[in-house]
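First the structure, in the form of structure tokens, and then the observations on it.
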Amino acid sequence: MRQYRELRPTLEKLSEDAYGKMRQALSEQGIYVTAIEHRVKSEKSLAGKLELKGAKYKSINDITDLVGMRVITFYTDEVDKVAAIAKRIFDIDWSESVDKRKLHQLDSFGYNSLHYICRLKTGGPRFELQMRTALQHVWSTIEHDTGYKGIVKMPKEYLRQFSRLAGMLELVDDEFSRLRMVLTDYRRQIQTLVKSGHLNEVPLSTDTFRSFLETHPFDRLNRRIAAVNQAEIYPAPMIVYLPVLESFGLETLGDVHQFIDDNSDDAYQLAVSQLAITDLDILSSSAALQYLCLVYVLKHDGGRDELKAIYDTINGESDANGMVADLMLGQAQTLSFMQRSKSDGK
């Protein structure tokens, strides 16, 4: 205990340094974890440890968990990614490290952590690094809180309930990781279909629309509109238009592509009617999509309420959107596509 008290300032610095290196490395690799915990073992905790296992230690240096760090991930496969980072930034004492995931004990779900005994590359005392998933961490906390691993011997029926629950959580943990891999593969397939032009096979959704936007489908129309006033185009989010497109009954990216083809000339006509009388020299990259949506509503006999609904969706609900819709409806009445729509209606 005297050795511990003398070493305490060194342990505090080690805890901060190890935490800082791990946090920086995770950030650099783009790995998001739910928590990184670190601590120096308290004097009370160390005293309790020595009471139980003191005979196995000859020196304070033999105790490997005076400093502890725990990285809690969302998914099981991310534990191995964190481990790979630990191997790179720390020296690992493989003789003391253990992968408890490979022990396969029936009641060990909460303890299925990967434990490394580490040392900074610059030397110094060893420390313990635990890597586990969020569900494993929650289960371990529950076990500790309920006294499942305590000194009171638990009746068999309760032990059985714990084992069943542990098995369920382990299955959930594995299924979440599996589902993420399936969804990742699906997104890659979607991106391949989008890049290859097989748009009719791609259902319209948030993910697929984002992939579609990466092909810059509205750039041509935007450049035409910008040329009216030699305007500069600045980037703006377009994902907010997805609910509008869905309200039009568009179900695939092929439908969106056809929607662009069918309405681009009329959208340009509408844009010109507005911009030609202004000196506006800055244009949002969402302008083309906005005019396409407005034209679609107008060509399908939409009125003020339908136009206002578009502005409410993309800008947030406001009474001012009604005035803009009135102005837009009035300006559009003389345009040729509106005359065609009226003629077709007759």
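The values are calculated or read from the model by the stated rules, or taken from the named source; none is laboratory data. This is a predicted model, so every value here is computed, not measured. Cβ: placed from backbone, ideal geometry, glycine included. Neighbour counts: every protein chain shown.
Quick look at the values:
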{"item": "Filter result for SER196 (assigned by TED's automatic domain parsing to the domain that holds ASP265 and among the small types (Gly, Ala, Ser))", "result": "no"}
{"item": "Residues (more than 20 Å from PRO125 (Cα to Cα) and among the small types (Gly, Ala, Ser)) located in segment 5-47", "result": "ALA25, SER27, GLY30, ALA35"}
{"item": "Selection within segment 327-343 - outside any helix (DSSP H, G or I) and either at pLDDT 85 or above or surrounded by 12 or more Cβ atoms within 10 Å (Cβ to Cβ) (or both)", "result": "LEU335"}
{"item": "Search result, residues across segment 155-206 that are at pLDDT below 75 and in a loop (DSSP other than H, G, I, E, B)", "result": "PRO155"}
{"item": "Qualifying residues in segment 207-223 (those that are in contact (Cβ under 8 Å) with a residue 40 or more places away in the chain and in a loop (DSSP other than H, G, I, E, B)) - the one surrounded by the most Cβ atoms within 10 Å (Cβ to Cβ)", "result": "PHE218"}
{"item": "Boolean, ILE282 is of a type in the set (A, V, I, L, M), free of Cβ contacts under 8 Å to residues at least 40 places away in the same chain and loosely packed, with under 15 Cβ neighbours inside 10 Å", "result": "no"}
{"item": "Subset of segment 224-246 [crowded, with 16+ Cβ neighbours inside 10 Å, in a helix (DSSP H, G or I) and aliphatic (A, V, I, L, M)]", "result": "ILE225, ALA226, LEU242, VAL244, LEU245"}
{"item": "Selected residue (criterion: nearest to the chain's Cα centre (by Cα)) from residues of segment 27-61 that are closer than 30 Å to ASP77 by Cβ and among the acidic types (Asp, Glu)", "result": "GLU28"}
{"item": "Residues satisfying the stated conditions in segment 261-311, i.e. of a type in the set (Ser, Thr, Tyr) and either at pLDDT 90 or above or outside the structural domain of ALA332 (by TED's automatic domain parsing) (or both)", "result": "SER264, TYR268, SER284, SER285, SER286, TYR291, TYR296, TYR311"}
{"item": "Total residues in segment 248-264, condition touching a residue at least 24 places away in the same chain (Cβ under 8 Å) and either in a helix (DSSP H, G or I) or out of contact with any helix residue (DSSP H, G or I) (no Cβ under 8 Å at 6 or more places or on another chain) (or both)", "result": "10"}
